[in-house]
Amino acid sequence: ELRKYADFLRGLAGSVEDRVDRETWQMASRQTEEYWRDIFAQAAPGYIAVAATLTDRQVAELMANLEQKDEETWSEFAERTPDERRARREKSITKTLQRFTGPLTPEQRAMVEEYAARARPFMAEWRENRRIWRDALAAALADRRSGEPFAVRMTQLIARPDDLWTPQYRMAIEGSRAALIGLLVDLDATLTAKQRGAARRELASLADEVQGLARVRG
């Protein structure tokens, strides 16, 4: 799967030489999800084998740590003002984009600023969804000596956590995806030849890194 993902990245690198339309970006987003789902599915047996050996005390500690980490993430978000959240979104997307394109133009920065201002936070939906996932994990671990039923439940939790998404969280994720793709389409129309070349090289380099991981695993 890593090799397939590397090939996919190389194909995307070739696409950015010209204009990339919304359909291509949507396909790239879905394809990336599928590759990573397959990668986690392949890794799942190792996690399941370890989980099956946990003691009750270790399970309790794991669940407590997961809840603490999730609540810390929520608290960090809740303590920020709307302006602070907007600024963080703008900084994050700018940093990610510039990794591929190099410095953004004033016009492009304005697009990112508008995107960050319009983006709707969905941390409340995320928090509830994490609680549901943790509850499902706790239920699975309580039955960790059951063999195949345990393996099936854990594979879902590891490789297909979106099966457990609430309707509210799924709607928020899809809305965020659509908004981001819209930004990418708008930005793509403004990219200079230099920026396209930089994006192509960065994607090709990322493909080489993934290919290297595939060789190590192989």
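The values are calculated or read from the model by the stated rules, or taken from the named source; none is laboratory data. For clarity, every value in this text was computed on a predicted model and none was experimentally measured. Note: ideal-geometry Cβ built from the backbone for every residue, glycine included; neighbour counts use all protein chains shown. Just so you know, the surface numbers come from the protein's heavy atoms only, side chains and all, with ligands and any DNA or RNA stripped out. Shrake-Rupley method; radii C 1.70, N 1.55, O 1.52, S 1.80 Å.
Does A51 satisfy being touching a Ser or Thr at 6+ places or on another chain (Cβ under 8 Å) and buried (at least 16 other Cβ atoms within 10 Å of the Cβ)? Considered against the rule, which asks whether it is touching a Ser or Thr at 6+ places or on another chain (Cβ under 8 Å) and buried (at least 16 other Cβ atoms within 10 Å of the Cβ), A51 comes out as no. Exactly one residue out of A78, A60, A41 is exposed (fewer than 13 other Cβ atoms within 10 Å of the Cβ) and under 22 Å from N129 (Cα atoms), and it is A78. Across segment 1-31, the number of residues qualifying as over 19 Å from T101 (Cα atoms) and open to solvent by 40 Å² or more (accessible area, probe 1.4 Å) comes to 9. Hey, does segment 30-51 have a residue that's touching a helix residue (DSSP H, G or I) at 6+ places or on another chain (Cβ under 8 Å) and farther than 18 Å from R160 by Cα? For segment 30-51, residues touching a helix residue (DSSP H, G or I) at 6+ places or on another chain (Cβ under 8 Å) and farther than 18 Å from R160 by Cα: absent.
Given the condition over 26 Å from E79 (Cβ atoms) and open to solvent by less than 40 Å² (accessible area, probe 1.4 Å), answer yes or no: does some residue in segment 103-124 qualify? So far as segment 103-124 goes, yes, one or more of its residues are over 26 Å from E79 (Cβ atoms) and open to solvent by less than 40 Å² (accessible area, probe 1.4 Å). Suppose the filter is polar (S, T, N, Q), open to solvent by 30 Å² or more (accessible area, probe 1.4 Å) and either touching a strand residue (DSSP E or B) at 6+ places or on another chain (Cβ under 9 Å) or in a loop (DSSP other than H, G, I, E, B) (or both); does S205 pass it? The answer is no for S205.
Total residues in segment 145-196 satisfying the condition of being of a type outside the set (D, E, K, R), out of contact with any helix residue (DSSP H, G or I) (no Cβ under 9 Å at 6 or more places or on another chain), more than 22 Å from R37 (Cβ to Cβ) and in contact (Cβ under 8 Å) with a residue 12 or more places away in the chain: the figure is 1. Go through segment 46-61 and count every residue that is in a helix (DSSP H, G or I) and touching a residue at least 40 places away in the same chain (Cβ under 8 Å). Residues meeting the conditions: 4.
Going through (1) open to solvent by less than 20 Å² (accessible area, probe 1.4 Å); (2) more than 24 Å from T94 (Cα to Cα) one by one, L187 falls short only on (2). When the residues of segment 81-101 are filtered to those that are in contact (Cβ under 8 Å) with a residue 12 or more places away in the chain and over 11 Å from V112 (Cα atoms), the one that is surrounded by the most Cβ atoms within 10 Å (Cβ to Cβ) is T101.
With respect to the stated conditions, R130 is within 20 Å of E33 (Cβ to Cβ), of a type in the set (K, R) and crowded, with 16+ Cβ neighbours inside 10 Å. For segment 96-155, filtered to residues that are outside any helix (DSSP H, G or I) and in contact with a Ser or Thr (Cβ under 8 Å, 6 or more places away or on another chain), the residue that is nearest to I181 (Cα to Cα) is A119.
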